[in-house]
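Bear in mind that the values in this text are calculations on the coordinates, not laboratory data. Only a predicted model underlies this, so the values are computations on that prediction, with no experimental measurement involved. Cβ sites come from the backbone with ideal geometry, for glycine too, and all protein chains shown count toward neighbours.
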Amino acid sequence: MAEPLRVVVTGAAGQIAYSLLYMIAKGDVFGPDQPLILHLLDIPVMMGVLEGVVMELADCALPLLRDVIPTDDPVVAFTDVSSAFLVGAMPRKQGMERKDLLAANVKIFKVQGEALDKYAKKDVKVLVVGNPANTNALICSKYAPSIPKENFSAMTRLDQNRAQAQIAAKLNVPVGTVSNVIIWGNHSSTQYPDASHAVIDKNGNIEKAVDAIGNEQWLRETFLATVQKRGAAVIAARKMSSAMSAAKAASDHMRDWFLGTKSGKFVSMGVISAGAYGVPKDVIFSFPVIIENRKWKVVEGLPIDDFSRSMLDATGKELCEEREEALQIIQA
Ligand SMILES: NC(=O)C1=CN([C@@H]2O[C@H](COP(=O)(O)OP(=O)(O)OC[C@H]3O[C@@H](n4cnc5c(N)ncnc54)[C@H](O)[C@@H]3O)[C@@H](O)[C@H]2O)C=CC1
Ligand SMILES: O=C(O)CCC(=O)C(=O)O
């Protein structure tokens, strides 16, 4: 069997981590043959709660889990890790936009970037879940200059999963038959859920989702708004933000990064922009990617119509504004 892989989860005493840790520890992310050592970081006041999480992980009797290290010390948390789930951050409350969290959360990602830079493996793969995820990931990367920028990502997989589920429900087909829906841009209400390249696999016959749906107005209005505002809808219903679905999306994202995407399928990830599709450079922008040998590559050459162009421009503009605001907060 392989050597154990060290994986850190921050915000380990929180609600997303409560579902995520089980998914990781039972092999959903790194595969059924990969032993794991979990590093669990939270803040000092949460150490009692974290102790309970550690007890529960032990009580799951999971064969792949070789050790669990609970800590409030970033040095312990980030030392020698190959994979980092950065979940720990304040969630938004009803009526807030995710960017309203910048002031509270961006400094966490500066500190954790510095710790990753000093203590993590240089090929560590970092997934930022804590909101506003794209800009937090950018700041984290900025403070970890010895780690390639391509190793930092932000989670838009929950938006992708939501989009697939909406299309499957509209067509009354199993969600697993829907693929290649794209989330462009920011994990915010300016994101662009784009079904124009999505396909449905009907027993081996591949049909374009737009043809199967046959209702452009639904795609541009109902579908778009439902996916963009789904996080807020969950908060309104649960009085807490999405957790089980966020954990599943984080697992999907890191699994595809480590194990690769399936042939002909692409997934959406917030990654450092080099300006593909004419969007701003040096922001963490969600693109369609394929992944091989733990390296992602933006899918190029997809046609972009006028509607899509205006959506890409709007979400890119918001990311540039968030970047400026984050830098001001950090430098203040
Ligand atoms: N990108 C996405 O699709 C999604 C992002 N989120 C975001 O994920 C974040 C976490 O959400 P929940 O788990 O529901 O929140 P939660 O409040 O249940 O848990 C957050 C945990 O982070 C800890 N924490 C705070 N500062 C920390 C630090 N400096 N180091 C380590 N741990 C720290 C807290 O003590 C708490 O235990 C929020 O920012 C939320 O908005 C949530 C759902 C989806
Ligand atoms: O919407 C939020 O701010 C919290 C959770 C989240 O990011 C989401 O559900 O998409």
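Overview of values
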| read-out | value |
| --- | --- |
| Any helices (runs of 4 or more DSSP H) falling wholly within the range 135-247 and containing at least 2 residues that are within 26 Å of Glu325 (Cβ to Cβ) and not acidic (Asp, Glu) | 157-171, 224-228, 230-238 |
| Complete set of residues in the range 262-281 that are surrounded by fewer than 19 Cβ atoms within 10 Å (Cβ to Cβ) and part of a loop (DSSP other than H, G, I, E, B) | Lys262, Ser263, Gly264, Lys265, Ala274, Gly275, Pro280, Lys281 |
| Residues being in contact (Cβ under 8 Å) with a residue 60 or more places away in the chain and polar (S, T, N, Q) - total across the range 294-322 | 2 |
| Subset tally (residues that are among the basic types (Lys, Arg) and within 15 Å of the chain's Cα centre (by Cα)) for the range 125-163 | 3 |
| Some residue of the range 76-96 being under 30 Å from Ala236 (Cα atoms), of a type in the set (D, E, K, R) and assigned to a loop (DSSP other than H, G, I, E, B) | yes |
| In the range 161-198, residue surrounded by the fewest Cβ atoms within 10 Å (Cβ to Cβ) [restricted to those that are away from ligand 1 (no atom under 15 Å from the Cβ) and of a type in the set (D, E, K, R)] | Lys170 |
| Candidates Arg66, Arg6 - the one that is farther than 18 Å from Arg255 by Cα and either of a type outside the set (Phe, Trp, Tyr) or not in a helix (DSSP H, G or I) (or both) | Arg66 |
